[in-house]
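Written out below as structure tokens is the structure these notes cover.
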Amino acid sequence: MSHPAHKDYAGSKLGMWLFLFTELLLFGGLFLLYGAYLARYPHEFAAAGRDMHLFFGTLNTVVLITSSLLVAMSVTAIQQDQRRTVLWLLGGTILCAAIFMFNKYLEWSAEIGRGIYPNSPKLVAGPPGESVFYSLYYLTVGLHGLHVLVGGTLLAVVALRVKKGSIHGGDYVLLENGALYWHLVDLIWIFIFPFYYLIL
Amino acid sequence: MTSETSESHIIGYGKLTAIWLLLLFLTALTVWVSRQDLGIGHVWGSLAIASAKAGLVIAFFMHMRYEGRLLRWLLFVALLTLAIFIGLTFFDVLYR
């Protein structure tokens, strides 16, 4: 432990994990809603699910898994005090986040262009199950996208601090917690992907 | 500090890359499974594969495999809470 300032490494990480658990329960609630409505409207959910863009979903899954690898590698790199490598790896992670959001933009644009958005005339006129599916889709994926933005910003701040030297091989809990947050974003997408793009 | 010893575990690049390849394989597998004609099996198959992927991310990318007992138990309690919520809700929804 460094002497000038008191650092509670285990405490910092425990706090981060507790926060991640609340995130898990937040998204868990949304998945629960999905499950309950799937049981009520199986055919409408199936019809709506078939209209999803499997290509974008799969591409974004690969992008997020790769970004998760890069940020995990950045923790390994900081542990060995390879700061330049850390910066490249974090840069790669943030690039993946940008690619993810760009794909999301293309996907949502295409869907909104087809008249599919919450409370759109097309969904209001259609069967109730389909509008529930798309409302949950926009809510869950939108909240997840917000997490991608927050995580990307957090990792950018971490990268700046690595560059400045305040995060280094002897004190890197902020990088580790930022990485944990980013893995959570990946974890949630791992479940969003089959629920909305694949199952039906 | 006892915490120092458990934190300093370093996972090599090779191992992380192997986990990444495994995750990509499972992603391909889940897409393939979803194209098969399995009926309700889709739901269980997709959930099983997603859970396996989540397990890999938590165990290796998030270092949970190398954490102490406290974090592991807390993770278990959080997942159990989620499972109870989901289980009891479906107990209601499916047998209403």
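Of all residues in segment A:18-52, those being surrounded by 16 or more Cβ atoms within 10 Å (Cβ to Cβ) and part of a loop (DSSP other than H, G, I, E, B) number 2. No other residue among A:Trp88, A:Trp108 is of a type outside the set (Gly, Ala, Ser) and farther than 26 Å from A:Tyr172 by Cα apart from A:Trp108. Looking only at segment A:29-57, which residues are touching a Ser or Thr at 6+ places or on another chain (Cβ under 7 Å) and within 11 Å of chain B (Cβ to nearest Cβ)? Selection gives A:Leu32, A:Ala36. Highlighted here are the helices (runs of 4 or more DSSP H) found entirely within segment A:90-200 that include at least 2 residues which are within 14 Å of another protein chain (Cβ to nearest Cβ) and surrounded by fewer than 20 Cβ atoms within 10 Å (Cβ to Cβ): A:173-192. Quick check, is B:Ile40 over 13 Å from the mean Cα position of the chain (by Cα) and farther than 15 Å from A:Phe191 by Cα? The answer is yes for B:Ile40.
Considering every residue within segment A:64-82, establish whether at least one is away from chain B (no Cβ under 11 Å), out of contact with any strand residue (DSSP E or B) (no Cβ under 9 Å at 6 or more places or on another chain) and β-branched (Val, Ile, Thr). No.
Every read-out reported here was derived from the displayed coordinates using simple, explicitly stated rules and does not represent laboratory data. All of these numbers come straight from a predicted model, not from anything done at the bench. So basically every Cβ, Gly included, is an ideal-geometry build from the backbone, and we count neighbours across all protein chains shown.
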